[in-house]
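Just below is one structure, and these are the notes that go with it.
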Amino acid sequence: MADSGNTGLPGKLRRRAAARNVLAAAVFLAALMAASFGSGLLIDRITSSVRDIGYDHLVSSTKAVAQNVDDRLTADRAALSRFADAAAGLSAGQIAAELPMFAATQDFPAVYVLFADGTGFDAAGNPVLATDLPAPVTALEGEPGVSGDYFDSSGFMRSLIQAPIERDGQVTGAVCAELIPQRYYAEDMFAFWKGSGRAFVVSADDGSWVVNGPLSDMLPGGLSTVYEALGRTDGGQELADGLRASMASSGSDIFRVSYDGRTSYLCLAKSAANPSWRVMTLLPADELNRESDSVAALLRVTQVVLVVGLAVAFAALAFYGRQKQRRRIERVKSEQERTIRDQDRRLSEIARREYDCQVVIDLDDQTCRVEPYGEGMWKSFPLAGKFVPYRDLYEETRTYLDDADVPRFEELLEPGRLFARFQSSTSAVPQFRFHVSGGEGDVWVECSVYFSEADGARRACIMCKDVTAAVLAQQEIERAGQEREQRLTELQMMRDTLQEALRSAEQANSAKSRFLSSVSHDIRTPMNAIVCMTDLAAQQADDPAKVRECLSEVSHSSHHLLDLINDILDFSKIESGKLSLVPEDFDLRALADQTVAIVRPLCAERGQTLDVSVDVRHPRLVGDPVRLRQVLINLLNNACKYTPEGGRIAFSVDEVRGAGAQEGAAYASFRFVVADNGIGIAAENLDGIFGAFEREVDSTVNAIEGTGLGLAITKSIVQAMGGTIGVKSERGRGAEFTVIASFKRCEPDEGAKGPAGASGEEPCADAPAAVLGCSGMRFLVADDHPVNRKIVGKMLAAAGAASDFAENGRQAVELFEGSEPGTYDAVLMDVRMPVMDGYAATRAIRAGGHPDARTVRIVAMTANAFAEDRQASLDAGMDAHVDKPLEAKSLAAALNSPLRRH
């Protein structure tokens, strides 16, 4: 009936119905094409704009890296300039002391300080010249900056940063530092764009790598310049030439680079801190275009949605006929949910025994339910026991995770990826763990994911287990293992340290044993002469000539023995760190003359020629003349000892500029040189020539008297003065010792106020005991030792003077206080005495009411011969200090020294 009815319609109606259907289809197709074409143009324009934003972002990233490099280079240059500014107010010695700490703090491989004449030194104190540096020193012309790049001997790229040292508007020097630009590599800056991009610093001069990093697969590696790398890409030499031109123009350009089937973008930016550097970045094209591609994809989806929307609108007329089918689908779905709940209930009974929580996910409607077991952390979970969209559960759980676990969590359980896994051929998800930080402390959760499909229902089940106890136990085991390894390492280091200390102690004991053996021999030799010659003099008392000969030998041996004892005591003071200097005014020319006068007779005995040259502009100085004279006499005595008879010795003193540890208008620097043409020093012995307890093993040297401590003492004194000492020598060609030291210059009104010897005159220095120049004078002698009192009394009596004696300080004070004014011309005071020592006695005399208390000359007469002992005597109120054993010339010098004010 229906068929006959349909066929019974008039043909005109059928044609109209068909025409309407065709017209409706045509209108739909036209609207669909118009929407597709218009939306396509819009998508292309939006995608192009987003891509331009990506290019701008790449340029911004490149400039950010350049700014980071500029900031760090500028910081290094600023640190160097601050040091140069500070150095302008320091002496060369102070700069040399501060330079190593500055180099270590800034982590510079090498730092140099140069003076205006092109000389200078590095952080290790080694001398350098401006021409020795690897790049021109423009800072000496007042131009700070960064030199061109160069490779060091180890193949590392280096640059030289410079800063001038200016004083009163004049360039007086420069500070230069070598730095390895690779230090500016920072992973967070040079691996930008979430690690996909790579940044480098290259030289604009030749394209060499200045700050390098891994090239990944965007450029060929192992090449020395970026031009060589670009020459091997698909763009070839044309691309390399384009980059070279861009570097020359200092622009921020972007190049497209294709290599090994992969396309990247290369961007350049100029370094503001160093015009010869360019910052170059490389970013894969797919990373740069990722956002624009995503936008394009989203817009394409929108386009499809629009087209589909039109299709849905066109199909809306058929909606009513499909309502019955939809109701049937909902009924089936309700039945499936009941089935799923029944299956989940059975699964839960099994899971409760092994897990703490389960999450059942319906993969069709993307909903889920969290079912906690027991009273653990999942019981308080906000979504526990609820049917919620799986994405809501995913986002809520994500907020509890440590940042380090988020990427793994997203990779495995992100909704889109989880649903895609079920649809893929391989639906297995590996077992994984997450670290959760919550209100109940840190918890580690182990998860397993299972997929199932039954009766048309697709589900996923995430089973969760609290494995905190197992993880903590494993961490404790690992920590215990690390502590054990650390302890073993510490024990090994301690063992190595103890072994090294044992070797050092054994070497020191061996050296000291050799020293004691040598000293024992050297002391017994003069003692033997003293004892034997004294016995011979007693046996030949009736022969004055032979007695004088024996006494001459006794005097020579005793002086040699005294020199040995002084050396040993000096070295003992040095080892204990108690060596001190006593500054006082002195005349350098006079001190040099005195030194030569002492040594010249020794040279004359050996037929040696002593050449002397003294060229100083500022002879009036403040320092320790006793220690300086000791240094010079030690060097001259060694030259005399180790130079054969008839040889030549040269002694020179020159004032130099900028060579000492101190510099400035108030200081003067001097170079003392002692050279000879003697036996010289073997090259293998030069490094240890200033060491203690060591003497060269040689038949010639062993025949020469001495402890081997002279040069060690000399070096310690020179270092205490803030100076330096060096030696140049060859075996059989003599030796040349050079001392450089600085002293404070005397003010014009400070001259000639120092103690004896400081003025350059040494009255009575050569006077015998019989001509002390004290005939008719009376002395008060205080000494607790009767032999010493007898010696002094006879020495004064031989000079025509009278003496009164006291056995201790108190007797001396009483004798002086009880004397008439003018009774005593001088008091000779021992320091160490019973009842009252010499210092206390001197203070009591100076503080007393006797008319001569502040004017009488008091001379310390003691075996305490160190510099601090002399200073202690002066501080106590004495006028001069004479060392025991007492000699007529030293006593004469003390008696003729200027009186001090009291």
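Just so you know, in segment 197-224 the residues that are closer than 18 Å to TYR185 by Cβ, at pLDDT 85 or above and open to solvent by 20 Å² or more (accessible area, probe 1.4 Å) include one that is farthest from the chain's Cα centre (by Cα), and it is ARG198. If you take the residues of segment 577-596 that are assigned to a helix (DSSP H, G or I) and more than 15 Å from VAL674 (Cα to Cα), which of them is modelled with the lowest pLDDT? Out of the qualifying residues, it is GLN594. Taking segment 849-871 as the search range and keeping residues that are open to solvent by 20 Å² or more (accessible area, probe 1.4 Å) and modelled with pLDDT of 90 or more, which one is nearest to LEU895 (Cα to Cα)? In this case the residue turns out to be ARG857. Reported count of residues in segment 82-101, each being under 13 Å from ILE161 (Cβ atoms) and buried (at least 17 other Cβ atoms within 10 Å of the Cβ), is 2. Look through segment 251-284, keep the residues that are part of a loop (DSSP other than H, G, I, E, B) and free of Cβ contacts under 8 Å to residues at least 40 places away in the same chain, and return whichever of them is least open to solvent (accessible area, probe 1.4 Å). It comes out as GLY251. Annotation note: of ARG183, ARG167, the sole residue that is touching a residue at least 40 places away in the same chain (Cβ under 8 Å), surrounded by fewer than 17 Cβ atoms within 10 Å (Cβ to Cβ) and within 15 Å of VAL69 (Cβ to Cβ) is ARG183. Inclusion of GLU143 among residues that are more than 24 Å from the chain's Cα centre (by Cα) and outside any strand (DSSP E or B) is warranted. Within segment 120-144, which residues are free of Cβ contacts under 8 Å to residues at least 24 places away in the same chain and not hydrophobic (A, V, I, L, M, F, W, C)? Answer for segment 120-144, where residues must be free of Cβ contacts under 8 Å to residues at least 24 places away in the same chain and not hydrophobic (A, V, I, L, M, F, W, C): ASP122, ASN126, PRO127, THR131, ASP132, PRO136, GLU143. Scanning segment 102-121 for residues that are surrounded by fewer than 16 Cβ atoms within 10 Å (Cβ to Cβ) and under 15 Å from PRO181 (Cβ atoms) turns up GLN106, ASP107, PRO109.
When ASP71, ASP76 are screened for being out of contact with any strand residue (DSSP E or B) (no Cβ under 9 Å at 6 or more places or on another chain), under 22 Å from MET157 (Cβ atoms), modelled with pLDDT of 90 or more and not small (Gly, Ala, Ser), only ASP71 passes.
Per-residue answers, yes or no, for (1) in contact with a helix residue (DSSP H, G or I) (Cβ under 7 Å, 6 or more places away or on another chain); (2) modelled with pLDDT of 85 or more; (3) open to solvent by 10 Å² or more (accessible area, probe 1.4 Å); (4) not in a loop (DSSP other than H, G, I, E, B):
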site	(1), (2), (3), (4)
GLU736	no, yes, yes, yes
ALA741	yes, yes, no, yes
ASP749	no, no, yes, yes
ALA758	yes, no, no, no
GLY776	no, yes, yes, no
ASN788	no, no, yes, yes
ILE791	no, no, yes, yes
ALA797	no, yes, yes, yes
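Residues that are open to solvent by 70 Å² or more (accessible area, probe 1.4 Å) and free of Cβ contacts under 8 Å to residues at least 40 places away in the same chain within segment 816-837 comprise GLU817, GLU820, PRO821, VAL835, listed in sequence order. Picking from residues in segment 686-722 that are modelled with pLDDT of 80 or more and touching a Phe, Trp or Tyr at 6+ places or on another chain (Cβ under 9 Å), the one that is most open to solvent (accessible area, probe 1.4 Å) is LYS715.
The values are calculated or read from the model by the stated rules, or taken from the named source; none is laboratory data. Just so it is clear, the structure is predicted and the values come from calculations on it, not from any experiment. Don't worry about glycine lacking a Cβ; one is built from the backbone with ideal geometry, like all the others, and counts go over all protein chains shown. Ligands, DNA and RNA are excluded from the accessible area calculation, which covers all protein heavy atoms including side chains. Shrake-Rupley method; radii C 1.70, N 1.55, O 1.52, S 1.80 Å.
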